[in-house]
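So the structure is just underneath, and the comments pick up after that.
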Amino acid sequence: MATEIDRKNIKGVTWPKQNRSVHTFEKLLESAQTILQRSGLEALNSNAIADDAGVTAPVFYRYFEDKYALLAVLGHRLTDAQNELYEAAARLTASQDMRSRDQFEKASFKLLSDTYKLTAAFTGSHALLISLRALPELSDIRLTGNDEMAKVGGNSLRKMRPNLSMKDATERARVSIELGYSVIEMLLEVPSMSRKRVLERTNKAVMAVFFDG
């Protein structure tokens, strides 16, 4: 899967160029996702990944300095996909010139639902989200991405509430982003909960952050 992140300078990653190398690179990533999905972050190490991919440990180290480098690639792929949804929703909000809170609330709920579906479909996403939040080696991926999207969300919110300062609007957007991702992580951890009901309640909280006060 070739993505924009292939051109990012991720520390400790040697990007493949030949088709055969690309296949091996992707197989290592897929194996890591399988291990994350099946056994969690604690079970993930270079030997386990190489074994699952059917290659030797030296082959793993041909592309990745360590497991954190591999997790960084997966982290960028997931957060980039999430951010694409967020940016598309912001562009749609701007193009439709939304002026009512009801319109904005419906668009926000759709974004929450779509982000949950995308995240749930990404193999190993729950363990990966934990790693992005808990591991110092990876935390910048989440923080930088959320900072960028908060600016996008702040600009979108100011179209609805032009009286807000950019700082205030960006802070509100950042709170809403953190709230949404926290709830998505919870839903992945506790699948017995009603996804629709939880996301509806979360969206009400997001609306309060955006419009109250």
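Numbers for the structure displayed
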quantity: Calculated FRET value between Lys106 and Ala134, using beta carbons and R₀ = 35 Å, to 0.05; calculated: 0.55
quantity: Helix-derived mean residue ellipticity, 222 nm - over the chain, DSSP H n ≥ 4, -39500 (n - 2.57), to 500; calculated: -25000 deg cm²/dmol
quantity: Sorted by Cβ density within 10 Å, fewest first, the residues Ser21, Ser192, Ser100, Ser131; calculated: Ser192, Ser100, Ser21, Ser131
quantity: Net charge over other residues, Cβ less than 15 angstrom from the Cβ of Thr123 (K, R count +1; D, E count -1); calculated: +1
quantity: Region 4-63 - percent relative contact order, Cα under 8 Å, separation 6 or more; calculated: 32 percent
quantity: For the chain, convex hull of alpha carbons as volume per residue, Å³; calculated: 121 Å³
quantity: Given charges at Cβ of Lys, Arg, Asp, Glu: the chain dipole, positive-most of Ala48, His126, Leu112; calculated: Leu112
quantity: Relative intensity, log₁₀ I(q)/I(0), of region 4-63 from a Debye sum that treats every alpha carbon as a point, q = 0.15, 0.20, 0.27 Å⁻¹; calculated: -0.45, -0.77, -1.17
quantity: Reachable lysines, given that their alpha-carbon falls under 18 Å from the alpha-carbon of Lys11 and they are not under 8 places away in the same chain; calculated: Lys67
quantity: log10 of Debye I(q)/I(0), alpha-carbon scatterers only, for region 16-130 at 0.15, 0.21, 0.24 Å⁻¹; calculated: -0.71, -1.06, -1.28
quantity: Relative contact order %, region 82-197, counting alpha carbon pairs below 8 Å whose residues are six or more apart; calculated: 26 percent
quantity: Gained length - Leu143 relative to His23, 0.36 nm times residue gap less alpha-carbon distance; calculated: 40.2 nm
quantity: Mean separation of Cα contacts under 8 Å, 6 or more apart, over the residue count of the chain: relative contact order %; calculated: 20 percent
quantity: Cβ-based exposure ranking for Leu78, Leu85, in which fewest neighbours within 10 Å come first; calculated: Leu85, Leu78
quantity: Chain lengthening between Lys167 and Asn9 when straightened (0.36 nm per residue, less Cα-Cα); calculated: 53.9 nm
quantity: Pairwise label distance in nanometres, Asp66 with Ala120, each label 7 Å out on the Cα-Cβ vector; calculated: 3.5 nm
quantity: Counted charge near Glu30, where neighbours are those whose Cβ lies closer than 15 Å (Asp, Glu -1; Lys, Arg +1); calculated: +1
quantity: Exposure proxy ranking, count of Cβ atoms within 10 Å, fewest first, for Thr24, Thr34, Thr202, Thr14; calculated: Thr14, Thr34, Thr24, Thr202
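Bear in mind that the values in this text are calculations on the coordinates, not laboratory data. None of these values were measured; they are calculated from a predicted model. Every residue, glycine as well, gets a Cβ built from its backbone with ideal geometry; the counts of neighbours run over all protein chains shown.
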